[in-house]
Structures are given as C-alpha cells and as structure tokens.
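Here's the structure we're looking at; comments come further down.
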Amino acid sequence: MTDGTGTAAARPRPQIFEVSTLYGAATLAAALDAGLFGPAADARRVLVVSNNAAVPETATALPGMAGWDGVAARFDLVVDWNDTIRPLHPGHWAPPAQDRPLWQRVLREAWALDEGPTDLVVESVHVNPAAALAGIFADADVHVYADGLMSYGPTRESLPAATAARVRRLLHLDLVPGLRPLLLTEYGVGAEAVPDAAFRAVLDELTAAAAADPGVPEDPEAAPTAVLLGQYLAALGILTADEEEELHARMLRAAAAAGHERVLFKPHPTAPASYSRALEKAAADCGVSLLTPSTSMLAEAVFGRCRPRLVVGCFSTAMLTAAAYYGISVARVGTRELLDRIVPYQNSNRVPLTVVDALLPDLEQQPPPEQASFTGEDVTGLAALVRTVGYCMQPRLYPELRGEAYAWLAAHWGPEAAPYFKRRRLTSLELPGSLAPGNRFPGSRTALRVARRVKRVTR
C-alpha cells in the first residue's frame with residue numbers, strides 16, 4: 001500500500017482496549033483525548049467490552065448506559081467479548097496455551113488488525129478477561145489502567161513472567177494528588193496519571209448525556225445537599241445484608257446530624273431496591289427528605305447535576321472522585337469497622353479502606369471541612385502508611401519494603417496505627433507491634449536467619 005507518492009504508507013498500529021465498567025471506559029476515553037496513545041490516525045482502535053457480572057444476562061450492559069455512544073465513538077470497532085466466547089464466562093475462561101496462537105489469528109482477522117507491533121490496554125492484568133487477552137496477544141505491549149483506589153495497593157499476585165516483561169506502564173487517575181501507586185512497581189512499571197482536565201471533561205460529557213431524572217433534581221431549591229454512596233458490601237461477603245442496610249442508615253443519620261435536610265442515596269448498580277426502602281424509615285425518623293435516582297447513572301453524573309455540599313460513603317472510589325474532581329466535601333462512615341472485618345489480610349480492599357480511613361473524617365465523630373483538601377504533609381504520611389500496609393499484605397512481592405515498614409512501625413506503633421494491621425500478621429513477619437516482641441531485625445528472610453545465628457553464637 002502506498003500514500004499516492006509511491007512511498008509505502010505506514011499501517012495503523014493495532015490497539016486493543018478491554019473494559020468492563022463505564023467508569024473504566026471514561027478513564028480510557030480521557031487517556032485517548034489526552035494523547036496518551038498517540039494520534040487516532042496512526043492506530044486502529046478496538047474496544048473489547050466485557051460483562052463480568054456473575055450472571056451477565058441480568059446486569060445492565062454498557063451499551064445501554066447513558067453516555068456510552070459518545071465514549072464508543074472514540075474507537076474504530078466495538079466488540080462484545082461475552083458474545084465472542086459464548087457460552088463461556090469472561091471471568092472464568094482463558095484458552096489453553098496451545099490454542100492461543102490460533103485465537104490470535106482468528107481475532108486479528110475478525111477485528112481487521114494488521115500483523116506487527118500491537119498495544120493491549122487492560123484492567124486487572126492478573127485476572128480474566130485481561131489475563132486471557134494478554135495470553136492470546138502474547139507479543140503485544142501491555143498497558144494497564146487502574147481507575148480506582150486499588151492502584152495505590154500491592155499487586156494481588158505474581159504475574160506470569162511472559163506477561164510481566166511486557167507491561168509498559170500503569171495509567172491511573174490522580175485521586176489523591178501526590179500519592180504514587182504501588183501496583184506493579186515490583187516489575188519496574190512506571191505510573192502515569194491521566195490528566196485531570198481530560199477526565200473531568202469526559203465526566204461532564206457523561207453527565208450531559210444522562211436523561212433527566214426526578215430523583216436527581218437540579219433546581220438548587222430542591223436538589224439534595226448530601227449524597228450517600230452505597231457499595232453492596234454484602235456481595236463481597238464483608239457484611240450481611242442487614243448490616244449493610246444499617247450502614248446506609250448510619251450514613252443518613254450522620255448527614256442529618258450535620259444539618260442536611262435533603263439527602264440523595266446513590267445505590268450500587270447491583271443493590272436490591274429494598275435498600276432504598278429501608279432508608280425511608282431512618283429518613284422519616286430524622287425528618288430528612290430522601291431522594292433516589294430512578295435511572296442508572298454514574299455517581300459522578302449525580303455530582304455534576306446536583307452539586308451537593310457533602311458526599312458520604314464507606315470506601316467508594318467515587319468519594320475521592322468527588323473530592324479530586326468536584327471539590328466536594330467528603331466524609332466516611334463505617335470504614336474503621338470494615339478494616340477490622342475484611343479477610344484475609346491481603347484482601348485487595350484493604351488499601352482503599354486504609355486510604356479513606358486515614359485521609360477522611362468520620363462523619364459520626366466530627367463535621368467535615370467545607371471543601372475537601374489534602375496537604376502535602378497529609379499525603380506524605382499516607383504514602384508511608386500505605387507502603388507499610390502494602391508490604392504486610394504482600395511481603396514476598398515487595399521484600400525491598402521490609403526495612404521501611406519496620407522503621408515506620410517502630411516509630412508509629414500504637415492505638416492510631418493498630419487499626420491498619422493485624423498483630424498476628426506482624427508477629428509472623430517479625431515486625432514491631434507483634435504479639436511476641438523482642439529483639440527483632442529488619443531485613444530479608446536470609447538476613448533474619450543470619451541475625452539469629454549470630455545472636456546464638458554471641459550468647
């Protein structure tokens with residue numbers, strides 16, 4: 001193929017993007033708008049849409065959500081991964097190693113992708129469907145994007161060597177300005193923030209595309225002044241359904257005590273309708289007017305429509321989005337109890353819980369500031385805490401953090417630090433705060449064995 005002058009025209013570079021949530025799609029759209037994947041004319045961009053719900057047929061599909069068409073228009077082709085591998089489930093299926101070259105050949109032909117250098121842009125690279133795509137496109141450069149607070153925590157488990165060697169960067173939202181992600185750093189992967197202005201512009205686009213909803217009034221005289229974020233923690237096995245309903249009621253009572261008379265409850269998309277009804281009694285008892293959206297929209301669309309003064313949640317990423325991109329005051333309820341309850345210790349939700357608990361005020365204990373703001377000192381202290389928690393969660397992946405974790409615990413162990421750690425975990429790692437304190441030595445496992453041997457000899 002030539003460009004009309006007799007010179008061979010450069011063929012567009014295949015770029016494959018995998019997405020499963022509208023928030024993630026917004027992150028990708030912002031990255032494209034900011035030029036983080038080069039000019040559109042130089043690439044053929046395929047968006048692979050995956051519905052990872054336990055029963056995909058009962059969940060709202062991304063193409064049916066407000067604003068989806070505008071996001072999808074940024075890509076040359078949009079494909080449904082569930083349809084591609086039907087009847088297999090995208091969260092469970094990956095092709096056997098011997099079948100991967102055949103799958104790549106089939107998909108390149110179906111998606112009209114040229115041979116040669118390819119970019120693969122995925123969410124959680126260690127689990128399917130991202131892991132399946134990384135195995136199929138075994139020669140592609142891998143870019144990981146993280147759209148939530150989990151990017152600040154450790155990698156859940158080791159990646160296959162063939163995948164780890166191809167990861168080029170981690171794209172993330174700057175939800176806590178100045179806090180650097182820990183995710184994938186053990187592989188030398190650098191982090192790159194998606195520009196705030198680009199992401200906020202996409203959020204505004206999605207807000208404008210959402211249909212009018214009587215449950216989300218824009219009139220300042222009727223609009224809610226506080227928004228409560230549900231998370232459906234019962235689905236994670238962290239709380240029972242009754243406990244989660246009570247958590248939502250606690251949020252409402254705390255907002256009412258802070259002087260809010262009009263409150264909107266934004267349920268998790270998979271939450272049962274009974275959650276909003278369960279809040280009605282609490283609202284009546286507090287004399288609060290309770291609103292609930294009747295259509296499916298992002299929490300950020302609610303923020304853009306209503307302009308609330310306060311957002312309350314447990315550890316939802318949308319809390320930090322409200323603070324970072326809308327300047328809204330944010331507060332937490334119930335976070336400390338969940339820190340104690342989630343198991344195992346390396347549960348990926350531990351770092352989001354830690355970030356929210358350490359950074360935001362407890363609405364049941366104190367009124368929040370009028371506008372969210374985090375000082376450099378706040379972020380510096382949080383970064384050291386998160387790295388220490390990250391080491392304790394995954395010590396084998398981050399042995400180089402042991403000395404730093406030991407020093408932090410030695411300097412800070414006490415009632416304020418205790419909620420973020422389990423003493424049995426500290427004991428097994430021989431760190432300050434353990435159940436059997438004594439002369440302990442920071443360092444690697446080998447260093448610890450040598451130190452104990454020296455100690456015995458000198459006695």
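Which ones in the range 49-91 are loosely packed, with under 14 Cβ neighbours inside 10 Å and touching a Ser or Thr at 6+ places or on another chain (Cβ under 6 Å)?
If the condition is that a residue be loosely packed, with under 14 Cβ neighbours inside 10 Å and touching a Ser or Thr at 6+ places or on another chain (Cβ under 6 Å), then Thr60 is the only one that fits.
Would you check which residues across the range 206-220 are surrounded by 17 or more Cβ atoms within 10 Å (Cβ to Cβ) and charged (D, E, K, R) and list them?
Hit for the range 206-220 is Asp213, nothing else.
Mind counting the residues in the range 202-248 that are within 30 Å of Gly35 (Cα to Cα) and either aromatic (Phe, Trp, Tyr) or touching a helix residue (DSSP H, G or I) at 6+ places or on another chain (Cβ under 7 Å) (or both)? Please lay out each step first, then the result.
Narrowing the range 202-248 to residues within 30 Å of Gly35 (Cα to Cα): 202-211.
Going one step further and asking which of them are either aromatic (Phe, Trp, Tyr) or touching a helix residue (DSSP H, G or I) at 6+ places or on another chain (Cβ under 7 Å) (or both), we end up with 202-207, 209-210.
Summing the residues that are within 30 Å of Gly35 (Cα to Cα) and either aromatic (Phe, Trp, Tyr) or touching a helix residue (DSSP H, G or I) at 6+ places or on another chain (Cβ under 7 Å) (or both) in the range 202-248 gives 8.
How about the range 360-409: which of its residues are basic (Lys, Arg) and either closer than 20 Å to Gly327 by Cβ or not in a loop (DSSP other than H, G, I, E, B) (or both)?
Arg387, Arg402
Filter the range 186-223 for residues that are in a loop (DSSP other than H, G, I, E, B) and at pLDDT 95 or above; which is nearest to Leu310 (Cα to Cα)?
Per the stated criteria, the residue is Pro195.
From (1) touching a strand residue (DSSP E or B) at 6+ places or on another chain (Cβ under 9 Å); (2) assigned to a helix (DSSP H, G or I); (3) of a type in the set (D, E, K, R), pick out the condition that doesn't hold for Glu246.
(1)
In the range 335-351, which residues are under 13 Å from the mean Cα position of the chain (by Cα) and hydrophobic (A, V, I, L, M, F, W, C)?
Passing the criteria: only Val351.
Only residues that are within 24 Å of Ala197 (Cα to Cα) and of a type in the set (Val, Ile, Thr): list them for the range 17-49, please.
Val19, Thr21, Thr27
Within 18 Å of the chain's Cα centre (by Cα) and under 24 Å from Val144 (Cα atoms): is that true of Ala191 in this structure?
Against the criterion (within 18 Å of the chain's Cα centre (by Cα) and under 24 Å from Val144 (Cα atoms)), Ala191 qualifies.
Could you please find all residues in the range 273-328 being in a loop (DSSP other than H, G, I, E, B) and hydrophobic (A, V, I, L, M, F, W, C)?
Correct list: Ala273, Val288, Met297, Leu298, Cys314, Phe315, Ile328.
Looking at the range 11-41, which of its residues are under 22 Å from Ala110 (Cα atoms), touching a Lys or Arg at 6+ places or on another chain (Cβ under 6 Å) and at pLDDT 95 or above?
Pro14, Gln15
Given the residues Thr118, Thr155, Thr163, which is the only one that is more than 21 Å from Leu32 (Cα to Cα), assigned by TED's automatic domain parsing to the domain that holds Ala197 and touching a strand residue (DSSP E or B) at 6+ places or on another chain (Cβ under 7 Å)? It would help to see each step written out before you state the result.
Values: Thr118 fails: more than 21 Å from Leu32 (Cα to Cα); Thr155 fails: touching a strand residue (DSSP E or B) at 6+ places or on another chain (Cβ under 7 Å).
Sole residue among the options that is more than 21 Å from Leu32 (Cα to Cα), assigned by TED's automatic domain parsing to the domain that holds Ala197 and touching a strand residue (DSSP E or B) at 6+ places or on another chain (Cβ under 7 Å): Thr163.
Within the range 115-140, count every residue that is at negative phi, out of contact with any Pro (no Cβ under 6 Å at 6 or more places or on another chain) and in a loop (DSSP other than H, G, I, E, B).
Here the count works out to 12.
The values are calculated or read from the model by the stated rules, or taken from the named source; none is laboratory data. Fair warning: this is a prediction, and the values are worked out from it, not measured in the lab. Glycine gets a Cβ as well: all are built from the backbone with ideal geometry, and neighbour counts include every protein chain shown.
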